[in-house]
Amino acid sequence: MSTKIDISGYRGTDLNIEFTGTIAGSTIDLSGYTVSGHARFQPSYTGKLLDLTPTIFSGSLGAAYTSGIIRVSVPAATMAEVPVTQGKYDIEIWNAAGTTATGLFAGKFSMFSEYTF
């Protein structure tokens, strides 16, 4: 079952989030896995609101795969194209064959209008 974490972003601003995957209190060894993640208007919606382009943080020389760290980094130019809305997102890891997905994180995705102070 995915860990519920709500996230939000602002149009025209970089989105940078770091997640740490755990199972039963132990960090997940992400060696041999790939990761994917998308935001959608609702879970049943087939189109993507935003590709979160998550990556597995491997550290120097790949030593940190056992850290369970997944990073989401979406540039400001991409975020500027996302409409102001509320939706849902999820992040999954895939086995090496790409045949089995395990949900790690899911929750609300809120996009807010850009603003300046």
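Summarising the amide proton neighbourhood of HIS38: residues at separation of 5 or more, or on other chains, whose placed amide H is nearer than 5 Å comprise LEU52, ASP90.
Dipole of the chain computed with +1 at Lys/Arg Cβ and -1 at Asp/Glu Cβ about the Cα centre; of THR102, ILE28, GLN42, farthest Cα towards the positive end is GLN42. Under 5 Å between amide hydrogens, built in the peptide plane, is the criterion, and for ASP14 it picks out ALA76 among residues at least 5 positions away or on other chains.
The mean sequence separation of alpha-carbon pairs under 8 Å and at least six residues apart, normalised by the residue count of the chain, gives a relative contact order of 39 percent. Each Lys or Arg adds one and each Asp or Glu takes one away; over the other residues whose Cβ falls under 13 Å from the Cβ of TYR89, this sums to +1.
Taking the Cβ of ALA77 as the center, what net charge do the other residues with Cβ under 14 Å away carry, scoring Lys and Arg +1 and Asp and Glu -1? Counting the neighbours of ALA77, the net charge comes to -3.
Charge tally for SER44 (other residues, Cβ to Cβ under 14 Å; Lys, Arg +1; Asp, Glu -1): +2. Need the list of aspartates and glutamates near LYS108 for cross-linking: C-alpha distance under 13 angstrom, and skip anything on the same chain fewer than eight residues off. Those aspartates and glutamates meeting the cut-off are ASP6, ASP90.
For PHE57, the amide hydrogen comes within under 5 Å of the amide hydrogens of ILE69, ILE70, ARG71, counting only partners 5 or more places away or on other chains and with H modelled in the peptide plane.
Computed from the coordinates by the stated procedures, all read-outs in this text should not be read as laboratory data. Predicted model, so just to flag it, every value in this text is computed and none were measured. All Cβ positions, glycine included, derive from the backbone under ideal geometry; neighbour counts span all protein chains shown.
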